[in-house]
Structures are given as structure tokens and as C-alpha cells.
Amino acid sequence: MNAPIPTPKLNTAGPAIAVQTVRSPGGVEAWLVEEHSLPLIAVDFAFDGGASRDPENAAGSAYLISGLLDEGAGDLDAEAFQGRMADHAISLGFDARRDDFHGYLQTLSTHRDTAFDLLGLALNKPRFDADAVARVRAQIIAGLQRQAKNPEVMCRNALYAAAFPGHAYSRPEKGDIDSVSRLEAPALKALRPTLMDRAGLKIVVVGDITAAELAGRLDALFGELPVGEARPRPAQPLPIQGLGQTHVIDLDVPQTVLRFVGPGLMWDDPDFIAASVLNHILGGSAFTSRLFMEVREKRGLAYGVSSSLMPLRESAMLVGGTATRNDRAAESMKVIREEMLKLAEEGPTEHEVEEAKRYIIGSYPLRFDTSPKIAGELLALALRGDTPDFLARRNGLFAAVTLADVRRVAQRLFGNSELLVQAVGRPVALV
């Protein structure tokens, strides 16, 4: 009899990335990864806030501002600004996410002076010209009109509204047609300093630039922004409302879109690493998760089904969903609930835990194969309050997760098994 082939040991070494902390004369701080083998520079940065800082009656303000910062700045109108970017192959943009206002710059190092000049203008001297405001606002409204009957978008927006009534999270990040239609330049100009202050600013730079040069450029880019006041993080996560409820938006379509949310864990929770392994087993793996096998492979209920952990600044969720025929929506949710309950009562197998760890650790290097990816990964670390040494510790933390750890977390997250479910379509017998 042939002896069983031994399972190779997990390689827990983190990515070999040297991260420097650079501080400008004016006190602006950034993380830097020097990489001089390619003539590229990637800058990723984020301000604390984003769409959650929109005034209550002006949802979509931050998103509209994000679309205007590169539509003319300083003495350059929109055409001149965009033309200079195109002439120098510079990629520069902004985005208002739920918890942060994000910006990025990617440039050939030979064009660094022009690129940094344009970024500095966009950050410090945006124009908000009337024609640019009208054009970008119209583009956003057109997009919202296209999405008005999109079941996926309708379902996501309704789920957040039900989970966080009265909170900024309940409002769509891009606003709605009515709120965006009312937005005008004076209010946007007044909101911009609140969105873009240095109190929660995180900056990552990767590429062909030295620490000395970066230190000299940081003040020109960010030094004139308002200092601002740091926003304290909540002592306890904001609770999810409506657990145990199912809501349906009637829409005459052949498939029902299903989204569900349950309690999750914050980034700094001691169980978060084990919960990540648990989620991979439940619905985080595209082809081997329990939900994929039970919902798609065994029963053919849906083409895809997934779950993920979603820690926000003020709350934490486990979210998931699928899309299925109207007459099979109830069965799909029944199977999803049953799998969560099985994990709570029986736990996963040792094999499932080891395979999940192997994938999570083995796939990690794929997040660092380009300069923009490295910058984005480091920025995510900074935003959640981690330090660069997490890169070296991360795989070891996952390798140390035990079957007992995952079973404990499964009981913690799924033992109650109450979910908030949102459906869009005409599901049969779902409620």
C-alpha cells in the first residue's frame, strides 16, 4: 500500500515589502515603498469620512465632489486639466466611499512634476465651475436613472436603509435622483473642507521616488488642507436593526435578488481572523464554499451565491446573497440559514479549516503584484488602524487558527441565526 502523500506545510512568510514612514517638515505623514526598478509612482490616500459626512438632506454630495476635483483646478478649466493629464499619461481620480473619501495618482516617474502639480491643484484649488457642476451632476443623475429599476442596486440600497434607519449608512453613497438634483456649487464648496482635512488622512506611496523627495512634496500636496479634528470611533459597534425580518420590493422580473445581513466583527476584534476562515468556508470561496456546494452544485438553485465579512467604521456585518427563480427564493434562503446553523451547531471539519487557511495564505501574494495593488493594500491597513508590520504577521495569524477557534466563532456569529433579508422580485412564499 502506498503511503499517503504528506500535506505540505503552510508558508507563513509575509510579502517582502519594506515600508518606510516619511514625515514632512509640516507634519504630513505617509508610508513609502521605494521601487526603482520600474519608472512608475502610485499614490493612494484617503480622508476619514466620505459619504457618511453628507448632510442629511444632501445625500450624494461627497460623490459629486469626488467627480468635480479633476474637472478644473487653479487656472486650468476642465478641458485644460483633463488635456494635461492625457498628454502625460497621468491617471488621477477621486471616489467617495461609505467611510472614506479616496484619491489616487498613477504616473510615469518622468512626468512626476506635472502629476504632482495637478494633484496639488485638485486637492487645494478645485474650481467647481458652473458648467462642470451641471455636467457631472447630470452624468450622476443619468446613472441613477439607469439604476432605478436595477434589482441589485435596489436590493442593496433597501438593505442598508433597513439595517441602519436614521444613520448615514442608510443613505445611498451616490445619493438619489431627488437629492442630487438639488446640489449646487456653494454647498459643495462649503462641504469640501470638512471632507478633506488632515485629521484622519492616510497616504501611501509606492514606486520610483525617494523618502527625501517625498517628504519635500507632501506639504505642497496636503499641507494647506485644514487640520480638522479626529473623529472618535464608537466604543461599541452600531447594532443592525431588523434582524429576523424579511422585506420584499415587488418587481416584475423572473428572478428574485436576495441579500441578507447578520452581525459581523470589527477589524480589531480578537476573533476577526478566525471569522475570516469561517466566512471562507461558508460563502467566501467561489467554488468550494458550503453555500456554493449546497445552493448551486447540489440543488441548482442559483448560478452564484456568496458571503463576506464587512467591517465598517461604525458597525460590522456579515453580508451575502444570491439571485434565483421566484419560485425557488424561499428554498434558497432556507438552505442558506440551514448551513449557517450547521456551522454553529456542528462546526466545520478539520479539512475545511486547513483548506481555507491554505487558500487564504497562498493567495495573499496576488495582492502585491503591482504598485497600485501594493498601495491599495497598505492604505486599507492604515485605514483600519493597523501598522505595516501586519504584512509579516498576517499569514502566521491565519496559520495559528485552530478548528476550536472557528467552531467558537461560528457559535458566536451563527448561533442566533437571525438575519435581515431583503428581496427584490416576486418571490413565492418567502414571507
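Some values worked out for this structure:
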quantity	calculated
Qualifying residue in segment 36-52 (condition: touching a helix residue (DSSP H, G or I) at 6+ places or on another chain (Cβ under 9 Å) and without any contact (Cβ under 8 Å) to a residue 24 or more places away in the chain)	no
Residues (closer than 30 Å to Leu195 by Cβ and acidic (Asp, Glu)) located in segment 224-265	Glu224, Glu229
Output for segment 38-57, where each listed residue is charged (D, E, K, R) and buried (at least 24 other Cβ atoms within 10 Å of the Cβ)	Asp44, Asp54
Positions within segment 381-398 being polar (S, T, N, Q) and either over 26 Å from Ala18 (Cα atoms) or assigned to a loop (DSSP other than H, G, I, E, B) (or both), in sequence order	Thr387
Residue check for Gly166: surrounded by fewer than 18 Cβ atoms within 10 Å (Cβ to Cβ), in contact (Cβ under 8 Å) with a residue 12 or more places away in the chain, under 30 Å from Arg426 (Cα atoms) and of a type outside the set (Val, Ile, Thr)	no
Filter result (in contact (Cβ under 8 Å) with a residue 60 or more places away in the chain, within 17 Å of Asp117 (Cβ to Cβ) and of a type in the set (Asp, Glu)) within segment 200-222	Asp219
Strands (runs of 3 or more DSSP E) wholly inside segment 175-279 containing at least 3 residues that are modelled with pLDDT of 95 or more, crowded, with 20+ Cβ neighbours inside 10 Å and not charged (D, E, K, R)	202-207, 255-263
Only one of Leu366, Leu341 that is free of Cβ contacts under 8 Å to residues at least 12 places away in the same chain and surrounded by fewer than 18 Cβ atoms within 10 Å (Cβ to Cβ)	Leu366
Residue check, Ala316 surrounded by fewer than 19 Cβ atoms within 10 Å (Cβ to Cβ), within 26 Å of the chain's Cα centre (by Cα) and among the hydrophobic types (A, V, I, L, M, F, W, C)	no
Verdict on Lys149 being of a type outside the set (A, V, I, L, M, F, W, C), out of contact with any helix residue (DSSP H, G or I) (no Cβ under 8 Å at 6 or more places or on another chain) and either part of a loop (DSSP other than H, G, I, E, B) or outside the structural domain of Glu34 (by TED's automatic domain parsing) (or both)	yes
Residue match in segment 399-422 (condition: in contact with a Phe, Trp or Tyr (Cβ under 9 Å, 6 or more places away or on another chain), surrounded by 17 or more Cβ atoms within 10 Å (Cβ to Cβ), at pLDDT 95 or above and assigned to a loop (DSSP other than H, G, I, E, B))	yes
Among the candidates Asp117, Asp77, Asp129, Asp70, residue that is farther than 19 Å from Pro172 by Cα and either β-branched (Val, Ile, Thr) or without any contact (Cβ under 8 Å) to a residue 12 or more places away in the chain (or both)	Asp117
Residue in segment 367-380 that is among the small types (Gly, Ala, Ser), assigned by TED's automatic domain parsing to the domain that holds Val319, modelled with pLDDT under 95 and outside any helix (DSSP H, G or I) present	no
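The values are calculated or read from the model by the stated rules, or taken from the named source; none is laboratory data. Owing to the predicted nature of the structure, the values given are computational and were not obtained by experimental measurement. Positions of Cβ are backbone-derived with ideal geometry, glycine not excepted, and every protein chain shown enters the neighbour counts.
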